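Chemist: Please find one structure pasted underneath; my questions will follow.
The values are calculated or read from the model by the stated rules, or taken from the named source; none is laboratory data. Given the structure is predicted, the values throughout are model-derived calculations rather than measurements. Note: ideal-geometry Cβ built from the backbone for every residue, glycine included; neighbour counts use all protein chains shown.
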Amino acid sequence: MRNKIQNIQDIEYYDNSIVIADLIKKWTKAKPNNKELLDLQSRFIQMCIYVAGLQNDLAACKIANSDYREQKNEALYNLELIKEDLKEQEI
């Protein structure tokens, strides 16, 4: 589960990305043939895609960990039920 600090960091990242993207767009409109600006634009897009992939991977890992924890707890619960049944049979 995400906490408030992580949510704030995400909002700051997205805000910064929007500001940078708008500036790059404005500059490339002003100088559409500038190779450095076009390279900057391309690299910025690649960076944003990479970060989005990292965020998706983190979310998938958290879901998987939650599923594993749930399976472990269910197995422990079933083990306790089996132990109780064995105790009852011994009596």
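Chemist: For residue 35, indicate whether it is of a type in the set (Lys, Arg) and without any contact (Cβ under 8 Å) to a residue 24 or more places away in the chain.
Modeler: Yes; evaluated as a whole, the condition is true for this residue.
Chemist: Next question. Is at least one residue of region 50-62 among the hydrophobic types (A, V, I, L, M, F, W, C), closer than 20 Å to residue 23 by Cα, out of contact with any Asp or Glu (no Cβ under 7 Å at 6 or more places or on another chain) and surrounded by 10 or more Cβ atoms within 10 Å (Cβ to Cβ)?
Modeler: Yes, region 50-62 contains at least one residue that is among the hydrophobic types (A, V, I, L, M, F, W, C), closer than 20 Å to residue 23 by Cα, out of contact with any Asp or Glu (no Cβ under 7 Å at 6 or more places or on another chain) and surrounded by 10 or more Cβ atoms within 10 Å (Cβ to Cβ).
Chemist: State all residues of region 70-91 that are of a type in the set (D, E, K, R) and under 24 Å from the mean Cα position of the chain (by Cα); if no residue qualifies, say none.
Modeler: Once the filter is applied, which keeps residues that are of a type in the set (D, E, K, R) and under 24 Å from the mean Cα position of the chain (by Cα), region 70-91 yields 70, 72.
Condition check ((1) surrounded by 12 or more Cβ atoms within 10 Å (Cβ to Cβ); (2) without any contact (Cβ under 8 Å) to a residue 12 or more places away in the chain; (3) aliphatic (A, V, I, L, M)) across all residues:
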site	(1), (2), (3)
3	no, yes, no
18	no, yes, yes
21	yes, no, yes
29	no, yes, no
42	no, yes, no
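Chemist: If only one of 57, 67 is modelled with pLDDT of 95 or more, of a type outside the set (A, V, I, L, M), within 10 Å of the chain's Cα centre (by Cα) and in a helix (DSSP H, G or I), which one is it?
Modeler: 57
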